[in-house]
């Protein structure tokens, strides 16, 4: 019993000692000058721009799908991936054995139709003479005339079949309709291609890789700020330290909805004189939609910070990181005469680091509070996720 009582007294003594140490440290910290307790920064003026960002895919401006109108087996291939081709150049040949046989059959049908026409013509002439001598009735003459016309139509039909077979035979040789670069080949020698309801794609040819375009999907909240002709900056994973430029060509009116998220395709023209931007690359696009020159800038950290033991902020206030309106209210704390002074300001655009001050009792050089030194010191050990810079 005495041992239990002694243990309880020991724990009470340790707890009292701990509270005393905490109170001492707190009093020492609370007695520090405000400038030593908080991180501060002097307000400065500068330029700021508001950007909207999205990911997109780099594509050729003109990508031609080469197909076939006839079926057959691939006999010869003349080009491969990355081959440069000229307009009219032969790309591929299909086995034309069946097509040539069909054409020979059609030519034979033409000869047969001609023979039939010659016989019908002779019969019509003979019948016409007999009718003039009143040896045959009118019905026999009309029958001979009709047989000759049918033979003429049969000949025209046979000639049309020959033209059709010649066209199909020409289609067995696939030629490039444009000059460009082969970016995709979907067939090999010996492979059978069937031209049915849907024409199979054999090759894809990019007309000009020195002029590319980016198809970027922007959220509907950002699309209202994007206009044709706006300047664009973007990066690609292949060249992370290099920034490229483009121009907005078109905002397509056809929306895409996935999981209740609506996006719009923004087409961006890009010059690619070095041809280092390849089809299919992912582009990280940034479009400046608003810009301000020589304005007072407040760090966004100051808009988020509220000193301990200070009254709760009004619910109507908004965070600088979540609002994208042209002007909204916020509150910051400045250090003046070694006292904390709250200041309500009207804010403009933000670049996710700083925010424009439209109006408020702030001026260049004011010491603004960014955070608590003791709290920030503990949080600084955690590593922050890197951000992609444009």
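Readers should treat all values here as calculations from the given coordinates under stated rules, not as data from a laboratory. The shown structure was predicted, so the numbers you read here are calculated from the model rather than taken from an experiment. All Cβ positions, even for glycine, are placed from backbone atoms using ideal geometry, and neighbour counts span all protein chains on display.
Annotations
- Extended-chain gain in nm, criterion 0.36 nm per residue less alpha-carbon gap, residue 75 and residue 150: 22.9 nm
- Global form of the range 215-305, assessed from the alpha-carbon gyration tensor, a/c cut-off 1.5: oblate
- The distance between label points at residue 131 and residue 42 comes to 11.7 nm (points 7 Å beyond Cα on the Cα→Cβ vector).
- From least to most packed, judged by other beta carbons within 10 angstrom and beginning with the fewest, 64, 268 follow the order 64, 268.
- Ellipsoid fit via the Cα gyration tensor, the range 97-171: semi-axes of 36, 9, 6 Å, each the root of five times an eigenvalue, largest first.
- Full-extension gain in nm, residue 221 to residue 90, via 0.36 nm per residue minus C-alpha separation: 42.3 nm
- A full extension of the chain between residue 159 and residue 275 corresponds to an added length of 36.7 nm, given 0.36 nm per residue minus the alpha carbon distance.
- Projecting label points 7 angstrom from Cα along Cα→Cβ for residue 198 and residue 344 puts them 6.2 nm apart.
- Label positions at residue 242 and residue 64, each projected 7 Å from the Cα along the C-beta direction, are separated by 2.8 nm.
- Estimated FRET transfer efficiency when R0 is 51 angstrom, pair residue 188-residue 112 (beta carbons, to 0.05): 0.80
- According to the Cα-based calculation, Rg over Rh for the range 33-161 is 1.66, with Rh computed by the Kirkwood formula.
- Two-site FRET efficiency, residue 294 against residue 167, from Cβ-Cβ distance with R₀ of 51 Å, rounded to 0.05: 0.15
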